[in-house]
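This report refers to the structure that appears directly beneath it.
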Amino acid sequence: MNTPWGFEDFDAHEDLHFVWTEASGLKAIIAIHSTHLGPAAGGCRFWHYADAAEGLKDALRLSRGMSYKNAMAGLPLGGGKAVIIADEKRTKTPAMLHEFGKAVDNLCGRYVTAEDVGMSVADMIEIRRQTKFVAGLPVEGSAVGGDPGPHTSLGVFLGIKAAVRRALGKDSLQGLHIALQGAGSVATGVAMHAAAEGATLSIADVDAAKAQKLADAAGGKVVGADEILGLEADVLSPCALGAIFDEKSIAELKVPIVAGGANNQLATPEDGARMNARGILYAPDYVINAGGIINVCIEFLRSGDASVVRQKIEGIPDRLEQIWAESAETGRDPASVADAMAQRLIGRA
Ligand code: NAD
């Protein structure tokens, strides 16, 4: 990677904005990776990081992921991401959100924000008071909008089915065991779709009460957050945070398929090859989890209705198939194949 600043994850990002307003307490980073295909779009994450460097690393990695995701989903959008660096108590006030909205507005449309971990539709309404460059707003009438989470879940569910078809030769999740990491917005939709098709679910969240609530709703069982990655199952679906697959955790996997919605699941590019060497079919995260940004894009550009969103999300399994086919043909792991495809699309081959 190109590292003129000495930041490990700097990848020729077009620009980086550090926002701090003392009165509101807002501390945020907006990273614009690429505007090659259109305005840089990607959600805003609200998270308590150990330090600002960790927040910067997240913004750099997530924004590059958005460039790849938007390109692979065929959207006329570039890639960007914002992180709001929360304090230990995760204090979030309207004033902070307004200041964040002003910072987004100052970029005059080069960056479009939406929900990510820790941000809600209500937060987008606050941000909207200061800028029009925001999506994930409440739906009005039959217009496309609202929480992108359920759309992400649908794409992940369809991606899991495609992986099951390829790796296990089955057309249904009936009777299959799915290990789900996370019990938040994306995981909830995945669990409900999978349960409706007859899958058995094991669910883990660092917030055990949340895991229990989802297990009750979907008919699954709760397992410990430290057990889920090593659980024996047909599919592991990571739907929490990133960088969970490294040399150690990959060696302990007991699943033939990894397919989930979390961003940046692989700690390093080598981890894609490690997973492939173990014969595990991996669904590149930014391809399988594009459902939410598809909805955001169509909402923001007003370029279609719910049926267009659904049709585009239904294209996710085909893209995964294309990647897996090239991977099988060349021996390169699916994550590297997807990266190369995405880099070509954003003019950085
Ligand atoms: P969320 O905040 O609703 O849920 C995340 C859940 O993960 C929380 O319940 C949290 O307690 C749990 N968690 C955190 N660390 C964990 C760990 N180590 N083990 C188990 N659980 C843990 O967030 P979300 O919107 O569901 O997003 C989940 C992931 O999907 C994130 O990586 C996000 O970037 C990605 N993603 C989300 C969307 C979307 O539309 N919401 C779109 C694309 C990608």
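Before moving on, here are some points about what is shown:
Results for (1) out of contact with any helix residue (DSSP H, G or I) (no Cβ under 7 Å at 6 or more places or on another chain); (2) not small (Gly, Ala, Ser), shown as yes or no for each residue.
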residue: ALA204; (1), (2): no, no
residue: ASP207; (1), (2): yes, yes
residue: GLN212; (1), (2): yes, yes
residue: VAL222; (1), (2): no, yes
residue: GLU227; (1), (2): yes, yes
residue: ALA233; (1), (2): yes, no
residue: SER237; (1), (2): no, no
residue: GLU252; (1), (2): no, yes
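- In the set GLY291, GLY279, only one residue is more than 15 Å from the ligand (Cβ to nearest atom) and not polar (S, T, N, Q); that residue is GLY279.
- Unique residue being open to solvent by less than 30 Å² (accessible area, probe 1.4 Å) and either small (Gly, Ala, Ser) or closer than 18 Å to LEU154 by Cα (or both) when the list is GLY331, GLY315, GLY347: GLY315
- Residue within the range 106-116 that is in a loop (DSSP other than H, G, I, E, B), outside the structural domain of PRO284 (by TED's automatic domain parsing) and open to solvent by 40 Å² or more (accessible area, probe 1.4 Å) present: yes
- Positions within the range 15-39 being in a loop (DSSP other than H, G, I, E, B) and touching a residue at least 40 places away in the same chain (Cβ under 8 Å), in sequence order: ALA23, SER24, GLY25, THR35, HIS36, LEU37, GLY38, PRO39
- Conditions (1) of a type in the set (Val, Ile, Thr); (2) over 28 Å from ASP171 (Cβ atoms); (3) near the ligand (Cβ under 10 Å from one of its atoms); number of the one not met by ILE203: (2)
- Residue in the range 301-313 that is at pLDDT 95 or above and acidic (Asp, Glu) present: no
- Test: residue in the range 298-313 that is at negative phi and of a type in the set (Lys, Arg): yes
- Residue satisfying condition, being in contact with an Asp or Glu (Cβ under 9 Å, 6 or more places away or on another chain) and acidic (Asp, Glu), within set GLU115, GLU54: GLU115
- The range 228-258: number of residues that are over 12 Å from the mean Cα position of the chain (by Cα), within 14 Å of the ligand (Cβ to nearest atom) and touching a residue at least 60 places away in the same chain (Cβ under 8 Å): 2
- The residue of the range 40-89 that is farthest from the ligand (Cβ to nearest atom), among those that are part of a loop (DSSP other than H, G, I, E, B) and closer than 20 Å to VAL287 by Cβ, is PRO76.
- Residue in the range 278-300 that is surrounded by fewer than 23 Cβ atoms within 10 Å (Cβ to Cβ), touching a Lys or Arg at 6+ places or on another chain (Cβ under 9 Å) and among the polar types (S, T, N, Q) present: no
The values are calculated or read from the model by the stated rules, or taken from the named source; none is laboratory data. On a predicted model such as this, the values are computed, not experimentally measured, just so you know. All Cβ positions, even for glycine, are placed from backbone atoms using ideal geometry, and neighbour counts span all protein chains on display. These area figures cover heavy atoms from the full protein model, side chains too; ligands, DNA and RNA do not enter into them. Shrake-Rupley method; radii C 1.70, N 1.55, O 1.52, S 1.80 Å.
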